[in-house]
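The values are calculated or read from the model by the stated rules, or taken from the named source; none is laboratory data. Just so it is clear, the model here is predicted, and its values are computed rather than measured. Here the Cβ positions follow ideal geometry from the backbone for every residue, glycine too, while neighbour counts run over all protein chains shown.
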């Protein structure tokens with residue numbers, strides 16, 4: 001009887017020691033998935049996903065609280081990369097993907113209040129107090145965060161012209177062959193019913 | 001030769017999932033995607049081999065000399081739980097994505113009856129050390145092969161036009177049954 005108790009206690013103790021050691025040895029620092037997700041996000045900190053920045057959004061994705069299709073600056077490419085990383089199905093962007101646009105300051109109306117400079121997450125606006133401001137076009141991500149704070153409404157979003165880099169063929173008309181079988185069958189059934 | 005026979009026997013002829021019907025919970029639960037199934041197969045292989053070896057050692061050098069054979073089941077459960085816990089830590093450290101995808105099924109390897117089944121069958125059939133290890137390893141390879149095959153079939157079923165009454169789990173059950181029938185065909189191959 002005593003043997004049995006001692007044997008089981010000894011076994012449990014030995015395993016406890018091994019597990020305790022390996023818990024120290026294999027400790028995971030932070031959240032590695034959130035880090036990987038964060039690396040894929042565009043780091044504009046624009047808040048269009050309704051989170052405070054890219055890092056909180058990455059943490060929400062890693063925790064499974066947020067969908068992967070809420071990042072307009074990243075566009076379709078980011079959604080696909082995230083879907084690939086997390087093994088989820090890619091979805092169309094929640095917010096309709098807008099034509100890529102940049103902010104342009106009407107320099108005649110600008111009063112130099114610096115409010116838009118503070119709002120810009122990527123430091124794409126240059127200027128000083130009581131001096132005219134302007135937008136550095138290649139840096140602008142088109143997040144529209146500077147439009148709201150401007151007291152004289154002198155910032156407009158101007159769509160970018162399509163250059164050689166982002167020009168794409170327009171989508172072809174859907175062909176009858178690529179339609180799913182079920183849809184085709186439904187169409188046949190409907191035709192039969194009406195006949 | 002005998003060792004090769006053990007491997008063939010556990011992988012094909014006496015496959016733990018499709019012939020002995022052990023470990024069906026992860027077989028149905030983690031077979032939705034091939035990548036997940038592969039990860040689960042690797043984790044289970046690790047656990048099964050390690051627990052088969054360590055339960056042999058504990059049975060042979062602790063329980064039998066002390067005459068405590070009646071404690072076998074609880075001692076084996078203790079071994080398996082510790083090995084699974086260890087595996088969980090290693091997977092969390094080395095592959096956080098796999099850890100996330102496997103979720104609850106990783107700690108549930110503890111209750112995978114194939115794991116306890118291998119440990120107890122090793123004792124029952126009086127296997128030696130190498131035989132025990134091979135028996136556990138073979139069982140795990142058989143489990144992984146069947147799991148990966150099944151998940152590949154399920155991926156294709158997901159894209160197929162299944163009649164309404166059979167959608168979801170129903171068609172999965174039927175598929176598993178047909179696979180089991182197929183594996184029964186190996187039973188004439190050899191006897192152990």
Which condition number in (1) surrounded by 12 or more Cβ atoms within 10 Å (Cβ to Cβ); (2) within 28 Å of residue B:52 (Cβ to Cβ); (3) modelled with pLDDT of 90 or more is the one that residue B:170 fails? (2)
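Take the residues in region A:26-35 that are in a helix (DSSP H, G or I) and more than 8 Å from chain B (Cβ to nearest Cβ); name whichever of them is surrounded by the fewest Cβ atoms within 10 Å (Cβ to Cβ).
We begin by selecting, within region A:26-35, every residue in a helix (DSSP H, G or I); these are A:32-35.
Narrowing the set further to residues that are more than 8 Å from chain B (Cβ to nearest Cβ) leaves A:34-35.
Values: A:34: 19, A:35: 15.
Top of the filtered list is A:35.
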Among the candidates B:78, B:97, single out the residue that is more than 16 Å from residue B:136 (Cα to Cα), modelled with pLDDT of 85 or more, within 8 Å of another protein chain (Cβ to nearest Cβ) and surrounded by fewer than 21 Cβ atoms within 10 Å (Cβ to Cβ). B:78
Among the listed residues A:55, A:88, which satisfies the condition of being free of Cβ contacts under 8 Å to residues at least 60 places away in the same chain and more than 13 Å from every other protein chain (Cβ to nearest Cβ)? A:55
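Regarding region A:81-95, can at least one residue be identified that is more than 21 Å from the chain's Cα centre (by Cα), more than 14 Å from residue A:140 (Cα to Cα) and outside any loop (DSSP other than H, G, I, E, B)? Show your work before the answer.
Just the residues of region A:81-95 that are more than 21 Å from the chain's Cα centre (by Cα), to begin with: none.
The answer is no, given that none of the residues of region A:81-95 is more than 21 Å from the chain's Cα centre (by Cα), more than 14 Å from residue A:140 (Cα to Cα) and outside any loop (DSSP other than H, G, I, E, B).
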Which of the residues belonging to region B:100-122 are facing another protein chain (nearest Cβ under 10 Å) and touching a residue at least 24 places away in the same chain (Cβ under 8 Å)? B:101
Tabulated pairs, region A:13-25, first closer than 14 Å to residue B:89 by Cα, second loosely packed, with under 14 Cβ neighbours inside 10 Å, C-beta under 6 angstrom, 6+ apart or interchain: none
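Out of A:142, A:64, which single residue is over 30 Å from residue B:35 (Cβ atoms), at pLDDT below 85 and outside any helix (DSSP H, G or I)? I'd like the intermediate steps shown before the answer.
Details: A:64 fails: over 30 Å from residue B:35 (Cβ atoms).
Selected residue: A:142, the only one of A:142, A:64 that is over 30 Å from residue B:35 (Cβ atoms), at pLDDT below 85 and outside any helix (DSSP H, G or I).
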For residue A:44, are the conditions met, namely being surrounded by 15 or more Cβ atoms within 10 Å (Cβ to Cβ) and either at pLDDT 85 or above or not assigned by TED's automatic domain parsing to the domain that holds residue A:138 (or both)? yes
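Residue by residue through region B:159-172, note down the ones that are part of a helix (DSSP H, G or I) and without any contact (Cβ under 8 Å) to a residue 12 or more places away in the chain. It would help to see each step written out before you state the result.
Restricting attention to region B:159-172, the residues satisfying the condition of being part of a helix (DSSP H, G or I) are B:159, B:164-166, B:169-172.
The answer is B:159, B:164, B:165, B:166, B:170.
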Of the candidates B:176, B:133, B:140, B:152, the one satisfying the condition of being in contact with a helix residue (DSSP H, G or I) (Cβ under 7 Å, 6 or more places away or on another chain), surrounded by 13 or more Cβ atoms within 10 Å (Cβ to Cβ), modelled with pLDDT of 90 or more and farther than 20 Å from residue B:34 by Cα is B:133
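Do the conditions hold for residue B:65, that is, is it surrounded by fewer than 19 Cβ atoms within 10 Å (Cβ to Cβ), within 14 Å of another protein chain (Cβ to nearest Cβ) and out of contact with any helix residue (DSSP H, G or I) (no Cβ under 8 Å at 6 or more places or on another chain)?
Working: surrounded by fewer than 19 Cβ atoms within 10 Å (Cβ to Cβ): yes; within 14 Å of another protein chain (Cβ to nearest Cβ): yes; out of contact with any helix residue (DSSP H, G or I) (no Cβ under 8 Å at 6 or more places or on another chain): yes.
Criteria met by residue B:65.
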